[in-house]
Amino acid sequence: MKLITIDDFIDIYSKSKQRGIDYLLSKLTISQMSRTKSTFNQQKIIHSNWWIVPMVRKRWNSLISSNENQTYEEYMMTKILYNEKKLKLLSIGSGVCSHELKLAEYNNFEEIVCVDLAQNRLNEAKEVALSKGLKNMHFVCADFFKHHFKNEYYDIVFFHQSLHHFKYVEHLLTTKISNCLKPKGKVVINEFVGPSRMQLPKNQIKAINKALKIIPKQFRSRFKTGQVKNNFYGSGVLRMILADPSECIDSANILPSLHKYFNPLVEKGFGGDILMHVLKDISHHFVDTNQEKEKILNALFEFEDNYLKSKKSDFVFGIYQKK
């Protein structure tokens, strides 16, 4: 476990350029909850992370649904849950609810409840829901642990990149989540399930640096800084805690805990072990592509595919039913 790395200093500088000094100052409070909220309260976060690359998103679709044009939501509703009606879904850490808004358009759902700490993001989602006439959506701004939810009421508890922000995952699943779910209820995740606190093993860091060399120098300049990304060092624990105390706090225990108390109905890895780290801060170069950039991305995809032949995926889409 590394306390501080070179990437920590690079990230601090990059964030000051990308999000401004006020964002950095928000991390100096001793309140862990305040530091977590400051990460998610910004409505328009300027960044250059791997999920902004259209070819990457198509890759996720292919790995999950075997169709680059079919999202995991569409796959879930047309291939897995298509026969289930009057579903009640509880979404934890919904943010702007972009995925829940998609699900609400399916007549399978009688009720979708979105819970998040950031009121401004829920307000934005509520406006979208109203504009679309989605009457099956409800929004709750609350700390999930302090809010009361009906016992054995929900058919699905849904996490999209939020479960890895909870500590003591096993306890969470066996108490609060299990209590909310009906006897045959399901947990649906689209999650980072890799090393806790993003403490990557040496062999993974070595592979990431090897993959970074696939990208020509002109496409490795960091977003809004102009610095060239030549090496990847990984994240230090201190910065992880200061930036967001909840980030990847118990992510390594997500799959073991789910497998212990739930039966996997679907479990699809969609990589990220290499691509997330290689493309961090330089993804903006690949939003618009040409033949050269497509060739680079395909080479990176092949590299990650080969890496995953002997390693577990750091990102997983899964549907799990209570045992």
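Derivation of every value follows stated rules applied to the coordinates shown; laboratory data play no part. Note that the structure is predicted; figures quoted are calculated from it, not measured. Cβ: placed from backbone, ideal geometry, glycine included. Neighbour counts: every protein chain shown.
Here are the numbers for the structure shown:
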| item | result |
| --- | --- |
| Residues (outside any helix (DSSP H, G or I) and more than 14 Å from H277 (Cα to Cα)) located in region 183-217 | P183, K184, G185, K186, V187, V188, I189, N190, E191, V193, P216 |
| Answer residue from region 128-167, given it is among the acidic types (D, E) and assigned to a loop (DSSP other than H, G, I, E, B) and is surrounded by the most Cβ atoms within 10 Å (Cβ to Cβ) among those | E152 |
| Residue ID - nearest to C180 (Cα to Cα), chosen from residues in region 90-112 that are in a strand (DSSP E or B) and under 19 Å from the mean Cα position of the chain (by Cα) | L90 |
| Number of positions in region 232-256 that are in a helix (DSSP H, G or I) and in contact with a His (Cβ under 9 Å, 6 or more places away or on another chain) | 2 |
| Residues (under 20 Å from D314 (Cβ atoms) and hydroxyl-bearing (S, T, Y)) located in region 272-304 | S283 |
| Test result for L103, of a type in the set (A, V, I, L, M) and under 22 Å from C248 (Cα atoms) | no |
| Selection count where residues are within 12 Å of D314 (Cβ to Cβ) and either buried (at least 22 other Cβ atoms within 10 Å of the Cβ) or under 11 Å from the mean Cα position of the chain (by Cα) (or both), scope region 180-196 | 4 |
